[in-house]
Amino acid sequence: MKGLEAAATAGIVGGRPDLNLQVLSHVSQDEIAEMGRFLQNCTMQVLPAHNGKVFYILVTLSAMGHTAICEIVDFHTNITCIQQDGQCLFKRENGQAAQPAQTDRSCLNVEEIVAFADCLSPEDVAPVLERQIAYNTAISQEGMRGGWGAEVGRTLLDLYGENVPVRLRAVAAADSDARMNGCELPVIIVSGSGNQGMTASLPVIAYSEVIGASHDTLLRALAVSDLITIHQKTGIGRLSAFCGATSAGCGAACGIAYLDGGRADLISRTIINTLGICSGMVCDGAKSSCAAKIAAAVDAGLNGYQMAKAYLGFAAGEGIIGSNVEQTIENVGRMARYGMRETDAEILNIMLGL
């Protein structure tokens with residue numbers, strides 16, 4: 001089962017609202033069968049909101065003469081209104097969340113991220129990053145076994161063999177092959193996205209194995225990759241027509257550069273080059289082709305890194321390239337956050353057949 005109708009049905013039949021972002025993690029086989037019956041017997045309609053909000057969900061259910069409404073705004077768990085039979089049961093004033101949608105990221109910049117990775121205590125980040133390693137590696141291995149989606153990861157290895165750049169692209173793509181096509185193994189997200197969490201981590205993990213990096217060095221490199229990804233995504237916003245794999249593929253290349261001994265200067269040039277290569281890929285929903293987009297983003301990151309190592313790159317003023325890395329990141333964020341709003345709306349219209 002795929003699509004918004006199936007997703008809504010899964011929440012209605014088998015959702016556990018107390019689990020927040022893991023709301024569908026405990027759906028049983030009996031509930032899956034019930035979902036199929038629900039989809040056959042329930043009339044459902046999906047429409048764009050056209051209210052100017054980037055993230056907006058309004059669900060209305062009617063049954064046995066009663067109606068219930070739930071509204072979600074700005075981020076996935078921010079319920080702003082609940083009504084039953086026209087009576088307001090819950091309303092958040094001005095639609096604002098009780099807590100900020102995300103942490104304060106104003107301190108993030110490339111130099112500070114690299115400095116943080118150099119001085120962090122591995123035991124402080126291990127509970128988060130070791131779980132990222134374990135969970136994301138497990139679903140990547142499942143994707144490599146095949147049978148999921150378009151099998152992009154396996155196809156890359158079958159076509160081009162086991163050289164290192166192909167391996168780095170394939171492990172991230174295989175993860176998405178499985179996740180986008182029904183595999184129930186959990187993943188560790190970055191910037192609210194499972195695909196970004198997988199893309200930012202798996203190439204770094206795979207490369208650390210190739211070069212025999214220590215576990216502590218891997219944790220530092222993952223901190224670089226995750227934080228560079230988050231830094232880029234902050235200016236883009238929570239949702240955009242800009243494919244988040246671009247940011248994560250760039251982050252992964254920075255983590256790889258860190259493993260090779262590169263620091264702020266080399267990592268900055270890697271970011272500029274990568275964003276100059278692939279800052280145009282659109283997001284048209286979560287589905288099988290995400291795996292191929294991830295492979296393309298990782299490839300762009302690796303190209304950007306190799307160019308940076310050779311002191312080759314794109315100059316300020318060439319398109320979206322700014323005078324330095326922070327200006328370039330800001331330019332991409334501006335393009336994605338504001339310039340692609342109409343693209344986002346039009347993609348939704350296409351997906352809904354309007």
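Rule-based calculations on the coordinates, nothing more; no lab input. Remember, predicted model here, so these are calculated numbers, not experimental data. No Cβ is skipped: glycine too gets one built from the backbone with ideal geometry, and neighbour counts run over all protein chains shown.
Taking a threshold of 32 Å on the Cα-Cα distance, which of the pairs LYS233/LYS309; LYS91/LYS293; LYS53/LYS309 fall above it?
Beyond 32 Å: LYS91/LYS293; LYS53/LYS309.
Would you mind counting up the charge near GLY251? Only other residues with Cβ under 10 Å from its Cβ, with Lys and Arg at +1 and Asp and Glu at -1.
So the surrounding residues net to 0.
Evaluate the Debye formula for segment 4-95 with equal point scatterers sitting on the alpha carbons, no solvent, and hand back log10 of I(q)/I(0) at q = 0.12, 0.17, 0.22 Å⁻¹, in q order, two decimals.
After summing over all Cα pairs, the log10 values are -0.43, -0.87, -1.34.
Using a simple charge model, +1 on the beta-carbon of Lys and Arg, -1 on the beta-carbon of Asp and Glu, nothing else, what dipole does the chain show about its Cα centre, in debye to the nearest 20?
480 debye
Once every DSSP H run of n ≥ 4 in the chain is given -39500 (n - 2.57) and the sum is divided by its residues, what mean residue ellipticity at 222 nm do you get, rounded to the nearest 500 deg cm²/dmol?
-18000 deg cm²/dmol
State, to one decimal in nm, how far the label point of MET1 lies from the label point of LEU61, with both points 7 Å from Cα in the Cβ direction.
Computed distance between label sites MET1 and LEU61 equals 1.2 nm.
What angle, in degrees between 0 and 90 and rounded to the nearest 10, separates the Cα long axis of helix 264-278 from the longest principal axis of the Cα atoms of the chain?
Value to nearest ten degrees: 50.
How charged is the neighbourhood of HIS215? Take every other residue with its Cβ under 12 Å from the Cβ of HIS215, and add Lys/Arg as +1 and Asp/Glu as -1.
-3
Classify segment 135-273 as rounded, prolate or oblate from the Cα gyration tensor: take a ≥ b ≥ c as the square roots of its eigenvalues, call it rounded if a/c is under 1.5, otherwise prolate when a/b beats b/c and oblate if not.
The shape class here is oblate.
Nearest 0.05, what FRET efficiency do VAL46 and ALA138 give at R0 = 30 Å with Cβ-Cβ as r?
Efficiency for this residue pair is about 0.35.
Multiply the residue separation of LYS53 and ILE72 by 0.36 nm, subtract the distance between their alpha-carbon atoms, and state the gained length in nm to one decimal.
5.7 nm
Does segment 110-351 come out rounded, prolate or oblate, given a ≥ b ≥ c as the square roots of the eigenvalues of its C-alpha gyration tensor, rounded meaning a/c under 1.5 and, failing that, prolate meaning a/b above b/c?
Rounded, since a/c falls under 1.5.
Could you work out the relative contact order of segment 4-95? I mean the mean sequence separation of Cα pairs under 8 Å and 6+ apart, divided by the number of residues, in percent.
17 percent
If I take R0 = 35 Å and measure r between the Cβ atoms of GLN84 and ILE32 in this structure, what FRET efficiency does the formula 1/(1 + (r/R0)^6) give, to the nearest 0.05?
0.80
Could you work out how far helix 164-179 tilts from the main Cα principal axis of the chain, as a 0 to 90 degree angle to the nearest 10?
Orientation of helix 164-179: about 10 degrees from the principal axis.
What FRET efficiency do you get for ASP265 and TYR160 if R0 is 41 Å and r is their Cβ-Cβ distance, rounded to the nearest 0.05?
After rounding to 0.05, the efficiency reads 0.85.
For segment 250-354, state which GluC sites (Glu not before Pro) are in a DSSP loop and have at most 15 other beta carbons lying within 10 Å of their beta carbon.
GLU318
Once you list every other residue whose beta carbon is under 14 Å from the beta carbon of TYR305, what net charge do they have if Lys and Arg are +1 and Asp and Glu are -1?
Result for the neighbourhood of TYR305: +1.
From Cα pairs below 8 angstrom and at least 6 apart in sequence, can you work out the relative contact order of the chain, rounded to a whole percent?
Relative contact order here is 14 percent.
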